[in-house]
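These notes concern the structure reproduced below.
The values are calculated or read from the model by the stated rules, or taken from the named source; none is laboratory data. These figures come from a predicted structure and were not determined experimentally. Cβ placement follows ideal geometry from the backbone for every residue including glycine, while neighbour counts extend to all protein chains displayed.
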Amino acid sequence: MPTATMSRPALRVVGGVCGGFAAHTGLPVGAVRLATAVLAVCGGAGVLLYAWLWATTPSQGPATPTSLRAVLTRPAAEAEAAPDEHARRAPVVEILLGIALLTAGGAMVASRLGADVPLAFIVPAIVVATGAALAWRQLDALRNVRAAGSSALVVRALGALVLVVLGILLFFTSSTHPNVWTVLTAATAVLLGVAVVVAPWVVRLVRDLAEERAARVRDVERAEIAAHLHDSVLQTLALIQQRAEPGSDAARLARAQERELRSWLFAEQAEPTADLGAQLRATAVEIETEYPAQVEVIAIGPARADLPEGIVAAAREAMLNAARHAGGTVRVYAETAHDRVEVTIGDRGPGFDPAAVPEGRYGVRESIVGRMQRIGGTATIAPGPGRTGTEVRLVLPLTAPDRPTEERP
Amino acid sequence: MTDDPTAQPQAAPLTVAIVDDHSIFRAGVRAGLPPRLLVVGEAATVDEAVDLVAATRPRVVLLDVHLPGGAGGGGAEVIARAAPGHTDTRFLALSVSDAADDVVRVIRAGARGYITKSSSEADVAEAIDRVAEGDAVFSPRLAGFVLDAFGAVSGETAQVDTELDRLSAREQEVMRLIARGYAYKEVATDLFISVKTVETHVSKVLRKLQLSNRHELTAWALQRKLL
């Protein structure tokens, strides 16, 4: 699919230029690669074109914009491990180095054997080429990890540049009649050589900076929007809930909206669905949208992934009953300890006597008490706080956890 | 609470200041308070709030956690700046959310309790009464957070009463019942103790929450540059 602006993919063989060009123009990658190779053979035009495109096209970053949550929860913006850009790179520089060394060796052997090889030209050329290749590689690496203190990389890049300088100087010092003009030409050549090697890197650095600045501006904008929503909309929703009749539609809608907005703004560390608290909260939202009741869930203790489904199902049944028959505020308290899980569902409704369960509510007992018994737990139904309402208490003993539960930090 | 001997006589109404940066919200709270509570002033920023407390010396300050102005410290900054000179003024934090982030900061700054903005008018009035009497106001969620932060879930129990970093067995029982939504009176009935004893336990837990050096609390506070 043709892309709007040409960019080099993060997953690349050499520099990602062929892939990027193919994606940009819609041509098959194989054809582009072949054409580049052919052009490279034709006097090096392909290599030059490749190098030019490599230096001027931006690399595709990991296309994940910083989430709003990361902006809002200040410390959460931990270094997002950047995907390894060099994941599928062929060792191009090493291959080039090998070719350079082979050429140098071959040229020396040939000159020994009496062939007229312009050693004075070939050796400096190889030194320059090697220096340039190394410098580019180091500078590229330097750019990728410049956040980390990379003095070793700087030293290596400088070393490579020195190699370039040496090579260029070799061209001239090996000439037979040095004079003022040779020296001047040498100096100019050195400056130009270094400039050519460093220029692409500088171009990229400048572009990176611009990108970074733009990203920062976006983040600030987002944070402002979030702060505004927090200050105005959430407050208004809270006020509506406070002033509206408890259990009225207005209060319910305001609460649902508040919950939605809050989860969008603040859902720090997206809870894994396996977490008991998260599952209970999801159930609470579901029930609140259907019944005129508020379901408050408080879950404490470490999250455990090895809890049986039954306990959530039983809790859900109890929450549904409370919302349906009692209404008002339903309080769910879940405590996960290392040896047991306990969930309490309390309401302040008319209450009911489990000993005198009418026919119609037999299913209720089965779905709560029976469920808990099947997974090895117990369920007790008793009057709630202050002998009013109903309190369902689900207890599930846990035998030695499959894996050690992580300690709370 | 009028039968409580420590309550103020009817003649002198309980004075309240409302600090919130939303005028609509202030008006709403004001309209919902019973006549025995006298609103002596309103403030919308940290600086206004500090001045208001100094000028009117209210018994209770209803304090929004998120406030503009000052050094950007919100409600906690108001307490830090206004509390030292006015030991008879108590702060009741009001927050749009009851997330631990919002709440623990003001509690550690010295608030005697907190309620969410969606609490009913009756709840707000009751919380003000309680704070005015010097008791702590714990919501179920704050109780849950306390149980979690003090390691009650993993079975840590204080051996001596003076220990700051863990809860005693009784305090854990009280916190568990509050987390389950029990009112103080109901906690007292359930544990066969007096309401006054429940209040004492809750106040002790509040003190621990404010003073404890427990890792969970200090790490949390350090991370947010509160210490």
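General remarks:
- Residue in region B:145-158 that is under 17 Å from the mean Cα position of the chain (by Cα), surrounded by fewer than 24 Cβ atoms within 10 Å (Cβ to Cβ), within 11 Å of chain A (Cβ to nearest Cβ) and not in a helix (DSSP H, G or I) present: no
- Remark: residue A:280 falls outside the filter, which requires a residue to be modelled with pLDDT under 80, crowded, with 16+ Cβ neighbours inside 10 Å, out of contact with any Phe, Trp or Tyr (no Cβ under 7 Å at 6 or more places or on another chain) and within 13 Å of chain B (Cβ to nearest Cβ).
- Within the option set B:141, B:176, B:130, being touching a strand residue (DSSP E or B) at 6+ places or on another chain (Cβ under 6 Å), of a type in the set (Lys, Arg), assigned to a helix (DSSP H, G or I) and within 9 Å of another protein chain (Cβ to nearest Cβ) holds for one residue only, B:141.
- From the list A:339, A:347, the lone residue that is assigned by TED's automatic domain parsing to the domain that holds residue A:393, surrounded by 17 or more Cβ atoms within 10 Å (Cβ to Cβ), at pLDDT 80 or above and among the acidic types (Asp, Glu) is A:347.
- Hits in region A:198-252 - residues which are closer than 21 Å to residue A:327 by Cα and surrounded by fewer than 11 Cβ atoms within 10 Å (Cβ to Cβ): A:245, A:249
- Boolean, residue A:262 is assigned to a helix (DSSP H, G or I), crowded, with 16+ Cβ neighbours inside 10 Å and within 10 Å of chain B (Cβ to nearest Cβ): yes
- Search result, residues across region B:178-216 that are at positive phi and surrounded by 16 or more Cβ atoms within 10 Å (Cβ to Cβ): B:181
- Search result, residues across region A:383-399 that are within 12 Å of chain B (Cβ to nearest Cβ) and either at pLDDT 85 or above or part of a helix (DSSP H, G or I) (or both): A:385, A:386, A:387, A:391, A:392, A:393
- When residue A:295 is tested against (1) within 24 Å of residue B:121 (Cα to Cα); (2) modelled with pLDDT of 80 or more; (3) away from chain B (no Cβ under 12 Å), exactly one condition is not met: (3).
- Of all residues in region A:218-251, those being in a helix (DSSP H, G or I) and either within 9 Å of chain B (Cβ to nearest Cβ) or aliphatic (A, V, I, L, M) (or both) number 22.
- Region B:1-111 holds strands (runs of 3 or more DSSP E) entirely within its bounds, and those carrying 1 or more residues that are under 24 Å from residue B:143 (Cα atoms) and at pLDDT 85 or above map to B:60-64, B:90-95.
- Any chance residue B:60 is in contact with a Phe, Trp or Tyr (Cβ under 8 Å, 6 or more places away or on another chain) and crowded, with 19+ Cβ neighbours inside 10 Å: yes
- So residue B:136, is it more than 11 Å from chain A (Cβ to nearest Cβ) and under 20 Å from residue B:176 (Cα atoms): yes
- Contact annotation: residue pairs with Cβ atoms under 6 Å, 6 or more positions apart or on different chains, pairing a residue in region A:300-313 that is farther than 14 Å from residue A:334 by Cα with a partner that is assigned to a helix (DSSP H, G or I) and modelled with pLDDT of 80 or more, are A:310/A:371.
- Of the residues B:160, B:153, the single one that is touching a Pro at 6+ places or on another chain (Cβ under 8 Å) and in the same structural domain as residue B:202 (by TED's automatic domain parsing) is B:153.
- Taken over region A:320-347, residues that are within 18 Å of residue A:379 (Cα to Cα), assigned to a loop (DSSP other than H, G, I, E, B) and more than 10 Å from chain B (Cβ to nearest Cβ) amount to 0.
- Out of B:47, B:51, B:20, sole residue that is assigned by TED's automatic domain parsing to the domain that holds residue B:103 and either crowded, with 18+ Cβ neighbours inside 10 Å or among the aromatic types (Phe, Trp, Tyr) (or both): B:20
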